[in-house]
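Have a look at the structure below, then the notes.
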Amino acid sequence: MLVSAVMHYVEPSREVLAETLLAAGPDAPTLCNGWQTRQLAAHLYLREHKISSAVGLFVKPLAGRADRALEEVAQKASTTESYARLVRQFRSGPPLLSPMKIKSVDNSANLSEYFVHTEDIRRAGTDRWAPRALDNDYSDALWAELIKRAAILYRGVDLGIVLVRPDGPRHVAKRAPVSVAIVGEPGELLMHAHGRTRHALVMFEGQPDAVALLESAEIGI
């Protein structure tokens, strides 16, 4: 997957996510544990505008500060007008001094992020959703991002993991004496790898006890 192809989908993905947030309103459920859409919008805004909030996702000593900042921004976005303003700020992109203003960082950090969070809204609170029809190039871009991170995302699984696309490509994410193959379209595999296991349209191939172990494992970051 060429970098230019990945770049082509980052900004459109931001637009789709912003539109999905606006359509849902500030108090809609999401697949992010404990978050409504205004918390998700606050997260998306802060990770580009406040470096400490982004770092707090991975550095425990800063997690409390990041959580407080998120709740403060989310509380201010509790009305339709203030929520729409927050989404517009996210939609306008990172500020000049943000690391995500650098295109390579933006591409690496946001292609998967925007897809997963769009689906976090679309698939929450209802069984009446259907997978989006994605361009082949977009699916390839998501696949390329997934295989870069698959070993980290499945690090907590005590099994070998093989990711398989229905059109043939496969990737060994983790090696072990006993393995499970996870079969699905790139977007669905991405959702599973990010811990949205009950909302990902995938199939498993492997021994029943191995599949059961995978279904009970902690997956994602």
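The values are calculated or read from the model by the stated rules, or taken from the named source; none is laboratory data. No experiment lies behind these values; they were computed from the predicted model shown. Reconstructed Cβ throughout: ideal geometry from the backbone, glycine too, with neighbour counts over all protein chains shown. Heads up: the accessible areas ignore ligands, DNA and RNA and are worked out on the full protein's heavy atoms, side chains in. Shrake-Rupley method; radii C 1.70, N 1.55, O 1.52, S 1.80 Å.
See the values below:
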{"read-out": "In region 165-174, the residues that are open to solvent by 60 Å² or more (accessible area, probe 1.4 Å) and either in contact (Cβ under 8 Å) with a residue 24 or more places away in the chain or in a strand (DSSP E or B) (or both)", "value": "R170, V172"}
{"read-out": "Test: S98 is within 18 Å of L44 (Cβ to Cβ), loosely packed, with under 13 Cβ neighbours inside 10 Å, under 22 Å from the mean Cα position of the chain (by Cα) and modelled with pLDDT of 85 or more", "value": "no"}
{"read-out": "Subset tally (residues that are buried (at least 18 other Cβ atoms within 10 Å of the Cβ) and in a helix (DSSP H, G or I)) for region 145-162", "value": "5"}
{"read-out": "Within region 101-144, considering residues that are modelled with pLDDT under 95, among the basic types (K, R) and out of contact with any Pro (no Cβ under 7 Å at 6 or more places or on another chain), the one least open to solvent (accessible area, probe 1.4 Å)", "value": "R132"}
{"read-out": "Residues within region 16-56 that are of a type in the set (G, A, S) and modelled with pLDDT of 95 or more, tallied", "value": "7"}
{"read-out": "Residue selected from region 175-191 under the condition over 13 Å from the mean Cα position of the chain (by Cα) and either among the aromatic types (F, W, Y) or crowded, with 16+ Cβ neighbours inside 10 Å (or both), by the criterion nearest to Y138 (Cα to Cα)", "value": "E185"}
{"read-out": "Candidate set from region 206-221 (those that are in contact with a helix residue (DSSP H, G or I) (Cβ under 8 Å, 6 or more places away or on another chain) and open to solvent by less than 90 Å² (accessible area, probe 1.4 Å)); member that is farthest from A193 (Cα to Cα)", "value": "G206"}
{"read-out": "L201 crowded, with 18+ Cβ neighbours inside 10 Å, in contact with a helix residue (DSSP H, G or I) (Cβ under 7 Å, 6 or more places away or on another chain) and within 27 Å of P12 (Cβ to Cβ)", "value": "no"}
{"read-out": "Restricting region 85-95 to residues that are of a type outside the set (G, A, S) and not in a helix (DSSP H, G or I), the residue that is nearest to R47 (Cα to Cα)", "value": "P94"}
